[in-house]
Every structure is written in structure tokens, then in C-alpha cells.
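Okay, structure first, notes after.
The values are calculated or read from the model by the stated rules, or taken from the named source; none is laboratory data. Since this is a predicted model, take the numbers as computed values, not measurements. Cβ coordinates were reconstructed from backbone atoms using ideal geometry, including for glycine residues, and neighbour counts include every protein chain displayed.
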């Protein structure tokens, strides 16, 4: 594997009325998989700041009650990418969900536990295998 830089990704699990927000993603690494709002942690930024910023940039909504969740170690050999993925759990605060970055996301939906879409992006599959479920 070619040597590349390790990146820290922050995935935001937004809860509201017993549902969580998921988006159908678009791009080479996670094309047509379902995932949460996310992006890379920037230099000199806290995980909470990243979660607030990215959720607003991707969905147009504000979040509150941010707490740390599980993490995964994700290596994508073919793409030569390596991420430590940090999950945060939060509650919806205000705003209407919108597709703010159509080049990254096809649509956003709030889903119930029994209706969690597939295929899920690799880090989400991993936290499920660890026994974590975003609705608990």
C-alpha cells in the first residue's frame, strides 16, 4: 500500500423523534451507500466544532447535545485511504434538512431503526458489528 496520510473523519448521528438522519452518498469511495453527515477534522478544530460545522454545511440544520460515540479504524486499500472514523451522537436543534452539497449527497431522509437503509458505508457496518446501534 502506498504511504498516505491518516485522516480523522467525524460522522454525525442526528436524532429526532426516534429517527436518525441518513443520506445517500455520491462519490467514488462511498457511491450509493447510506451514511451520516461527515467530513475530515480540520487542524485546530474540536470534534464537536467539526460536527456542528459539517452538519450545517451538508444539511442546513443545527444540532445540540453532542456526545462522543464509538470509533472505527478504516483502511480502503484499493483507494489508498486510511481513516480513523469518530462518531458523535447528537440531537436535532433547528432548521429544515436540505441537500446543501449535491455533489456529495443525493438525498437526506430520517429513518426508524427497522428501516435503516442498505448498503451502509463501511464505518457504519463496523460499528453495528461492534454492537453499537445509533438508536440506543
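Could you grab me the full set of residues in the stretch 43-61 that are closer than 13 Å to residue 99 by Cβ and either surrounded by fewer than 15 Cβ atoms within 10 Å (Cβ to Cβ) or in contact with a helix residue (DSSP H, G or I) (Cβ under 9 Å, 6 or more places away or on another chain) (or both)?
Going through the stretch 43-61, the residues closer than 13 Å to residue 99 by Cβ turn out to be 57-61.
Passing the criteria: 57, 60, 61.
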Single condition residue 100 does not satisfy, out of (1) in contact with a strand residue (DSSP E or B) (Cβ under 7 Å, 6 or more places away or on another chain); (2) within 12 Å of residue 23 (Cβ to Cβ):
(1)
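Are any residues in the stretch 103-112 within 12 Å of residue 22 (Cα to Cα) and under 16 Å from the mean Cα position of the chain (by Cα), and if so, which ones? Show your work before the answer.
Step one: list which residues in the stretch 103-112 are within 12 Å of residue 22 (Cα to Cα), which gives 105-112.
Residues satisfying the conditions are 105, 106, 107, 108, 109, 110, 111.
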Here are the criteria: (1) closer than 19 Å to residue 7 by Cα; (2) touching a residue at least 24 places away in the same chain (Cβ under 8 Å); (3) surrounded by 14 or more Cβ atoms within 10 Å (Cβ to Cβ); (4) under 12 Å from the mean Cα position of the chain (by Cα). Tell me which single one residue 90 does not satisfy.
(1)
I need the full set of residues from the stretch 105-119 which are modelled with pLDDT of 80 or more, out of contact with any helix residue (DSSP H, G or I) (no Cβ under 7 Å at 6 or more places or on another chain) and either closer than 15 Å to residue 12 by Cα or buried (at least 16 other Cβ atoms within 10 Å of the Cβ) (or both), in order please.
109, 110, 111
Return a yes/no flag: does the stretch 62-77 have any residue that is part of a helix (DSSP H, G or I) and loosely packed, with under 14 Cβ neighbours inside 10 Å.
no
